[in-house]
Amino acid sequence: MELTTSQDILVRGLQKIQGIVERKNTLPILSHFLLTAQDDETIIHATDLELGYKGYLDTTVNKPGTATLPARKTYDILRELPAGVQVTLTVENQGWAYISAGSAKFKVPCLPAEEYPALPPVEEAEFSSLDSEVFEEMIRQTIFATSHDETRYTLSGVLMVCDSKELIMVATDGHRLAHTRRPVPFGRDLRVIVPRKALEEVSRFAADSEEKTVDVAPLQNHLVFRKGRTTLVTRLIEGQFPDYEGVVPKTFQRHAKVEHERLTRALRRVSLLSNEKTKPVRIKFAPDTLTLHSNTPEMGEATEEIPAEYQGETMDMGFNARYLLEALSVTTDEHVVLELNDPLSPGIIQPPGDDPQYFYVIMPMRV
């Protein structure tokens, strides 16, 4: 195999797979990527057996063939070459690949291309289209609330519920819950749990292309995402997602409306003197004001008062400041509304209005 192309094309192509290839080396070939040179283009594959990628590189193919190269080391080599320089990649046998650019020459080991894991045959999938910007925003509004606890497997992904009228996405780690929905006709009923890593990669490649839509299709126990000529295939999480509707409060006794930016900045300042692990902050809800307070014996204490429109009896309530800040970081409205009942019951953060498109349920904590 021999191909020639510019350094920037190869760097962009390999940059997209760095989050996919396996770095733990449980199987050495999973830290590699597969190149298939044919006609005047080259196909690039990468997989960790849970998530697979297929893309195309604009190259001049001097000799068709396939090769499996180490993903990180090849990327590092290409990134250090002069920008835009012509690069020739040659594989004379399955043992070594030769990379040359000007006077620079590299020899890197290959693994047998025939051993590289194949992706599911996505040609069989029936796709439905979603608006790319809307889908990317919905991912951003939910993915931060997924669990990083490996023992809670079903909570490590985002629930996607689709029908002919709308798309709903939900994520929870047991301490907070993110819920967003859009009136996006999907064309079929679908209820799946998509791994966090897959949605992170979907968000990246959705933002990287000028295409206005993302095509989505179920395929056995996988979900396929396609944008332009780029395809991602992810294995779905099997199991039962929690009954999230049962933990969302339906009525509230207390309501606070506050400026988004002012609350965010006050939380950041006050939480500087809270415990680094749990980030506890106590908020006192009173007419016209919210008072934020943190107190750690070894670090000191902080208090800040901000104006707010508050309806209800005066109340103190403890929260994890990090959870509040993460919810606020993905909201874009000028004001946010905190819907509450009592100091021991979950509350909701959402934009103003009668029918908000997204909301966040956050559990209180003892402070």
Within the stretch 210-244, backbone nitrogen closer than 15 Å to the virtual label 7 Å beyond the Cα of Leu49 toward Cβ: 235-236
Where the convex hull is taken over the Cα atoms of the stretch 19-149, what is its projected area averaged over directions, in nm²? 11.1 nm²
Normalise the Cα radius of gyration of the stretch 256-367 by 2.2 N^0.38 Å (N = residues in it) and let me know the number. 0.99
Please give every one of the aspartates and glutamates within straight-line cross-link reach of Lys212, meaning a C-alpha to C-alpha distance under 14 Å, and leave out same-chain neighbours fewer than 8 residues apart. Asp131, Glu133, Glu136, Glu137
Magnitude of the charge dipole, the chain, Cβ model with Lys/Arg +1 and Asp/Glu -1, debye to 20: 840 debye
On a 21 Å Cα-Cα criterion, which of the cross-link pairs Lys54/Lys197; Lys257/Lys284; Lys54/Lys105; Lys16/Lys197 come out too long? Lys54/Lys105
Using a 1.4 Å probe on the protein chains only, how many percent of the accessible area of the chain belongs to carbon and sulfur? 48 percent
Helix-only estimate, please: 222 nm mean residue ellipticity of the chain, summing -39500 (n - 2.57) across DSSP H runs of length 4 or more and dividing by its residues, to the nearest 500. -5000 deg cm²/dmol
Excluding residues on the same chain fewer than 8 positions from Lys107, give the lysines whose Cα lies under 22 Å from its Cα. Lys63, Lys73
Under 13 Å from Lys24, Cα to Cα: aspartates and glutamates that are on another chain or at least 8 residues apart: Asp48
For the stretch 177-217 (alpha-carbon point model, no solvent) the Debye-based log₁₀ I(q)/I(0) at q = 0.25, 0.30, 0.34 Å⁻¹ works out to -1.27, -1.26, -1.18
Please work out how much length the chain gains when fully extended from Arg262 to His175, using 0.36 nm per residue of separation minus the C-alpha to C-alpha distance, in nm with one decimal. 28.9 nm
Let's test the formula: R0 of 35 Å, r as the Cβ-Cβ distance of Gln18 and Glu304. What FRET efficiency results, to the nearest 0.05? 0.30
Note down the relative contact order for the chain as a percent, whole number, built from C-alpha pairs under 8 angstrom at least six residues apart. 12 percent
Give me the net charge for the shell around Ile362: Cβ to Cβ below 15 angstrom, other residues only, Lys and Arg +1, Asp and Glu -1. +2
Area of Ser203 that stays accessible when all protein chains are in place (1.4 Å probe, Å², to 10): 30 Å²
So what are the ³J(HN,Hα) numbers for the stretch 168-178, from phi and the Karplus equation (6.51, -1.76, 1.60; θ = phi - 60°), rounded to whole Hz, Gly and Pro as x? 10, 10, 9, 9, 8, 10, x, 10, 8, 9, 10
Can you put Phe205, Phe106 in order of accessible area, largest first, using a 1.4 Å probe? Phe106, Phe205
[x] 24.8, 78; [y] 20.9, 68; [z] 22.2, 72, with the label sought being that of the calculated Rg and Dmax of the Cα atoms in Å: [x]
Whole number in Å², please: accessible area per residue of the stretch 113-233, 1.4 Å probe, ligands, DNA and RNA not counted. 46 Å²
Order His222, His175, most accessible first, counting only protein heavy atoms with a 1.4 angstrom probe. His175, His222
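The values are calculated or read from the model by the stated rules, or taken from the named source; none is laboratory data. Computed from a predicted structure; not experimentally measured. Quick reminder, even Gly has a Cβ in these numbers, built from the backbone with ideal geometry, and neighbours come from all protein chains shown. Areas reflect the complete protein model, heavy atoms only, side chains present, ligands, DNA and RNA absent. Shrake-Rupley method; radii C 1.70, N 1.55, O 1.52, S 1.80 Å.
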